[in-house]
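No lab work stands behind these numbers, since they all come straight from the coordinates. Quick caveat: nothing in here was measured; it's all calculated off a predicted structure. Cβ coordinates were reconstructed from backbone atoms using ideal geometry, including for glycine residues, and neighbour counts include every protein chain displayed.
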Amino acid sequence: MKIRLAITFFFAALSLSAQTPPAIKSAEDSISAQAIRAHVRFLADDLLEGRGPGVRGGDLAAQYIATQFAIYGLKPAGDNGTYLQQVEFFGMRIKRDSTTFDLVPTSGSPMVLHFGTDYTVANPRHTPVVDIDAPIVFVGFGVNAPDFNWNDYAGIGVRGKVVLIIVGDPPSTDPNFFAGKALTYYGRWTYKYEEAARRGAIGALIIHRTDLASYPWAVVQNSWSGEKTYLASDTNPQVAASAWITHEVADELFAASNRPGTDAEIEAAGKRGFKAVELPVRLKAHIESTVRPYKSPNVVGILPGAATHPDQAVLYTAHYDHLGIDPTLKGDQIFNGAVDNATGCGILLELARAWSTIKNPPHSVIFAAVTAEEQGLLGSEYLGQHPPIPAGQIALDLNYDAIQPFGDPLSVTLTGAERTTFFPIVQRTAKAFDLQINPDAHPEAGLYYRSDHFSLARVGIPSFSIDEGTLYRGHDAAWGVAKDDDYTAHRYHTPLDNYTPEMDFTGNAKLARFGMTLGWQALTAPRSITWRAKDEFLSAREKSLPTK
């Protein structure tokens with residue numbers, strides 16, 4: 001069996017080598033784990049203060065990346081002949097001392113909630129003060145999905161009210177119904193706030209439960225305790241209070257409404273026949289925020305290709321921002337974001353350097369380090385709306401986000417690649433790199449909708465992220481799962497996500513080489529890459545393509 005596998009890998013590699021020019025192979029071979037380490041060490045240094053968007057640390061990171069692009073000789077693809085594509089935002093930071101958040105039942109004492117411990121809230125409307133005194137309507141999962149004949153808002157109006165929503169999707173084991181165990185966009189918190197706003201709700205409370213969210217309350221607490229950012233150009237309706245509450249607070253809320261506990265309500269809401277209900281409880285809130293209009297750039301460079309029109313460019317993306325500084329924390333207050341996502345930036349920069357050695361590629365190669373990912377994929381959303389070349393002329397986006405420096409991976413996770421017509425080439429390339437393509441280890445986490453490739457997919461560009469799987473050389477798969485779970489539980493979105501000398505960037509370099517080969521395959525593909533039939537992004541792709 002081992003001999004047969006070795007022969008298979010040998011011929012796959014031979015086939016791939018025959019298609020890969022010597023210049024590309026030489027550039028790939030030059031990709032250095034130590035160079036990636038150096039970028040990560042700098043970007044995760046305390047000097048950069050957690051790379052918050054629109055503050056000194058984030059601006060330093062952007063300038064560092066732009067300087068590297070200039071050294072590599074990439075053409076600026078930002079504003080006014082620079083590498084910086086400036087994005088205008090509003091930053092909203094809650095004033096904790098003057099913000100109050102109470103649940104007031106028709107009978108009984110009010111429940112006075114404490115920010116961070118019991119709830120988090122932000123005001124996306126860019127106003128410094130908002131007062132809410134409105135009834136709460138429990139709308140189950142808060143989903144209106146005509147494609148699945150599911151509408152949690154049926155038969156009830158929520159205009160001017162506050163909706164109470166369960167995190168995640170209605171439960172399913174059927175891949176044709178809410179994608180089975182995999183999370184769909186309907187399960188993402190961003191969708192739930194968007195749908196509540198479309199319905200005219202003044203506020204939305206999302207109930208956290210660790211297994212449904214796929215991360216503990218501490219992640220919500222850390223992610224929502226600092227400044228929250230919104231695109232200044234976004235003219236869509238917004239709720240005045242986008243909030244999370246803990247499972248324990250939800251238990252108290254349902255008890256005050258003479259209803260079963262949270263878990264029982266979640267189970268009932270996941271079955272057909274659920275009806276939204278107005279609870280005998282009001283939200284009475286006074287929310288004060290510091291409003292900060294600011295700019296933060298995407299950093300964009302391009303290696304022009306020989307073809308001018310129609311181009312079929314390859315785009316590489318990674319976000320450089322993280323959560324900045326939380327001065328309310330005791331001890332370490334800096335969210336350095338070494339794994340998330342200095343690692344992706346290190347790979348992006350090494351890819352840019354390697355590609356820059358290639359003269360006149362057949363089509364353009366674009367590199368974009370995007371801002372405000374941690375605020376809801378906002379920098380990449382703006383990039384998708386304002387790409388350096390038309391979206392229909394970008395064949396593929398390959399994204400890198402939080403690549404664990406655990407060593408040499410023998411498996412890779414490529415969630416979303418299977419949705420594209422490029423997937424057979426991806427499979428062949430993975431085999432040549434001795435990489436087993438793993439199914440998503442945590443489909444319930446909805447990773448496809450949680451990283452920047454999603455913003456590019458929304459405008460039609462075939463897009464996916466490249467990540468390790470769970471199998472590493474010298475270890476079994478259980479080791480990889482345990483390492484991932486430990487990171488999520490103890491370092492993800494905390495000040496403990498720091499660079500350490502023990503990190504092994506072998507795998508980061510390997511996935512960079514893998515991405516370079518995929519990029520070359522896309523640049524030289526005999527036909528345009530697109531989404532497979534019936535995919536949710538296919539119509540956007542067809543609209544983006546130039547008319548013949």
About its Cα centre, the chain carries a charge dipole, from +1 on Lys and Arg Cβ atoms and -1 on Asp and Glu Cβ atoms, whose size in debye to the nearest 20 is 1460 debye
In nanometres, the difference between 0.36 nm per residue of separation and the alpha-carbon distance of LEU538 and LYS295 is 84.2 nm
Nearest 10, in degrees from 0 to 90: the angle of helix 2-19 to the longest Cα principal axis of the chain is 80 degrees
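Could you work out the relative contact order of the range 92-291? I mean the mean sequence separation of Cα pairs under 8 Å and 6+ apart, divided by the number of residues, in percent.
The value is 39 percent.
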In order over the range 359-370: 3J(HN,Hα) from phi, Karplus 6.51/-1.76/1.60, θ = phi - 60°, whole Hz, x for each Gly or Pro, gives 9, 6, x, x, 9, 5, 10, 10, 10, 9, 9, 9
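Return the ratio Rg/(2.2 N^0.38 Å) for the chain, where Rg is computed over Cα atoms only.
Details: Rg = 23.6 Å, N = 548, 2.2 N^0.38 = 24.2 Å.
Ratio of Rg to 2.2 N^0.38 Å for the chain: 0.98.
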Under 5 Å from the placed amide H of ASP467, counting only residues 5+ away or on other chains, we find THR413
The summed charge of the GLY273 Cβ neighbourhood (under 13 Å; Lys/Arg +1, Asp/Glu -1) stands at +1
In whole Hz, the Karplus estimates of ³J(HN,Hα) for the range 99-113 (6.51, -1.76, 1.60; θ = phi - 60°; x where Gly or Pro) are 9, 10, 8, 10, 9, 10, x, 4, 10, x, 7, x, 9, 8, 9
Under 5 Å from the placed amide H of THR229, counting only residues 5+ away or on other chains, we find MET92
Around TYR449 (Cβ within 13 Å, Cβ-to-Cβ, excluding TYR449; K/R +1, D/E -1) the net charge comes to -4
With +1 on the Cβ of every Lys and Arg and -1 on the Cβ of every Asp and Glu, the dipole magnitude of the range 428-548 about its Cα centre, in debye rounded to the nearest 20, is 900 debye
Whole-Å distance linking the alpha carbon centroid of the range 144-222 with that of the range 364-392 is 26 Å
Contour minus Cα-Cα span, SER98 to ALA306, at 0.36 nm per residue, comes to 69.0 nm
Taking a ≥ b ≥ c as the square roots of the Cα gyration tensor eigenvalues, with a/c under 1.5 meaning rounded and otherwise prolate when a/b beats b/c or oblate if not, the range 155-244 comes out oblate
Honestly the range 190-318 on the Cα gyration tensor test (a ≥ b ≥ c root eigenvalues; a/c under 1.5 rounded, otherwise a/b vs b/c for prolate or oblate) is just prolate
Residue-normalised 222 nm signal for the chain, counting each DSSP H run of n ≥ 4 as -39,500 (n - 2.57), nearest 500 deg cm²/dmol, is -9500 deg cm²/dmol
As straight-line cross-link partners of LYS192, the qualifying lysines (C-alpha separation under 27 Å, not fewer than 8 residues apart within one chain) are LYS95, LYS161, LYS181, LYS228, LYS271, LYS275, LYS284, LYS295, LYS534, LYS543
Classified through the alpha carbon gyration tensor (a ≥ b ≥ c as square roots of its eigenvalues; rounded if a/c is under 1.5, else prolate when a/b is larger than b/c, else oblate), the range 32-72 comes out oblate
With the dipole of the chain defined by +1 on each Lys or Arg Cβ and -1 on each Asp or Glu Cβ, the option from SER528, ALA285, GLY187 whose Cα lies farthest towards the positive pole is SER528
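Would you calculate the convex hull of the Cα atoms in the range 92-291 and tell me its volume per residue in Å³?
Dividing the Cα hull volume of the range 92-291 by its residue count gives 113 Å³.
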Measuring from its Cα centre, the range 92-291 shows a charge dipole (+1 at each Lys and Arg Cβ, -1 at each Asp and Glu Cβ) which, in debye to the nearest 20, is 380 debye
For the range 54-61, Karplus-derived ³J(HN,Hα) couplings (6.51, -1.76, 1.60; θ = phi - 60°; whole Hz; x for glycine and proline) come out as x, 10, 4, x, x, 5, 4, 4
If amide H atoms are modeled at 1.01 Å from N in the peptide plane, then the residues at a separation of 5 or more from ASP79, or on another chain, having amide H under 5 Å from its own are LEU84, GLN85, GLN86
